[in-house]
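Let me begin by presenting the structure, written as structure tokens, before commenting on it.
What follows is calculated from the coordinates using simple rules that are stated; it is not laboratory data. What you see is a predicted model, and the numbers here were worked out from it, not measured in a lab. Cβ sites come from the backbone with ideal geometry, for glycine too, and all protein chains shown count toward neighbours.
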Amino acid sequence: MSLSETSNGITFEGVCPILRVQNVSASIDYYVHKLGFKIDWQIPIFASVSRGCCHIFLSEGDQGNPGSWVWIGVEDAEALFHEYRANGAKIRHPPTNYSWAYEMQVEDLDGNVLRLGSEPKSDQTVGEWLDMRGDRWAMSSTGEWTGVPKAD
């Protein structure tokens, strides 16, 4: 089904996650200067930022839950990693190969996590996953995800 096709006559036009933030001005600054987004519009406690076709709403102290996660498909996660590292963005987990994507995790000022991924790399094995608690997981030889013991 293409973007212009409908199901039962109803067209979905897109999705825009709403992330709860402590300070919308500080968050706008981070998204613009560290993550390369632009401001679409803003009112005192709510704003829209975007990069390409990706739009995110930022809501000060309302809507959503702290520490939300959002998946964002990108053309080249490796190049984006280098950009974000140079800009001083908080890289939670560097680009890692998985069966579903070559993906990294970036955290904003409020602990919201952006999972940014491009096509998986066929020449790399599946790497460790970092969950919301900061625990690491690795794929076993049987294809199961198992916890990685923490270093002492």
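The set of residues in the stretch 109-142 being on the phi < 0 side of the Ramachandran plot and in contact (Cβ under 8 Å) with a residue 40 or more places away in the chain consists of Leu109, Asp110, Asn112, Val113, Leu114, Arg115, Leu116, Gly117, Ser118, Met132. Just to be sure, is Gly14 in contact (Cβ under 8 Å) with a residue 24 or more places away in the chain, within 17 Å of Pro95 (Cβ to Cβ) and not in a helix (DSSP H, G or I)? For Gly14, the condition - in contact (Cβ under 8 Å) with a residue 24 or more places away in the chain, within 17 Å of Pro95 (Cβ to Cβ) and not in a helix (DSSP H, G or I) - is not met.
Evaluated against (1) closer than 22 Å to Ala26 by Cα; (2) assigned to a strand (DSSP E or B); (3) touching a residue at least 24 places away in the same chain (Cβ under 8 Å), Tyr84 falls short on exactly one condition, (2). Which of the residues spanning the stretch 74-83 are small (Gly, Ala, Ser) and either touching an Asp or Glu at 6+ places or on another chain (Cβ under 6 Å) or surrounded by 15 or more Cβ atoms within 10 Å (Cβ to Cβ) (or both)? Ala77, the sole residue that qualifies. Exactly one residue out of Ala138, Ala151 is over 22 Å from Ile39 (Cα atoms) and either assigned to a loop (DSSP other than H, G, I, E, B) or within 16 Å of the chain's Cα centre (by Cα) (or both), and it is Ala151. Just wondering, is there one or more residues in the stretch 92-108 that are under 17 Å from Ala26 (Cα atoms), in contact (Cβ under 8 Å) with a residue 40 or more places away in the chain, buried (at least 16 other Cβ atoms within 10 Å of the Cβ) and touching a strand residue (DSSP E or B) at 6+ places or on another chain (Cβ under 9 Å)? Scanning the stretch 92-108 turns up at least one residue that is under 17 Å from Ala26 (Cα atoms), in contact (Cβ under 8 Å) with a residue 40 or more places away in the chain, buried (at least 16 other Cβ atoms within 10 Å of the Cβ) and touching a strand residue (DSSP E or B) at 6+ places or on another chain (Cβ under 9 Å). Criterion applied to Asp123, Asp62 was being under 21 Å from Ser25 (Cβ atoms), more than 19 Å from the chain's Cα centre (by Cα) and in a loop (DSSP other than H, G, I, E, B), and the one residue passing it is Asp62. For the stretch 48-65, filtering for residues that are surrounded by 12 or more Cβ atoms within 10 Å (Cβ to Cβ) and either within 16 Å of Leu109 (Cβ to Cβ) or among the aliphatic types (A, V, I, L, M) (or both) leaves 7.
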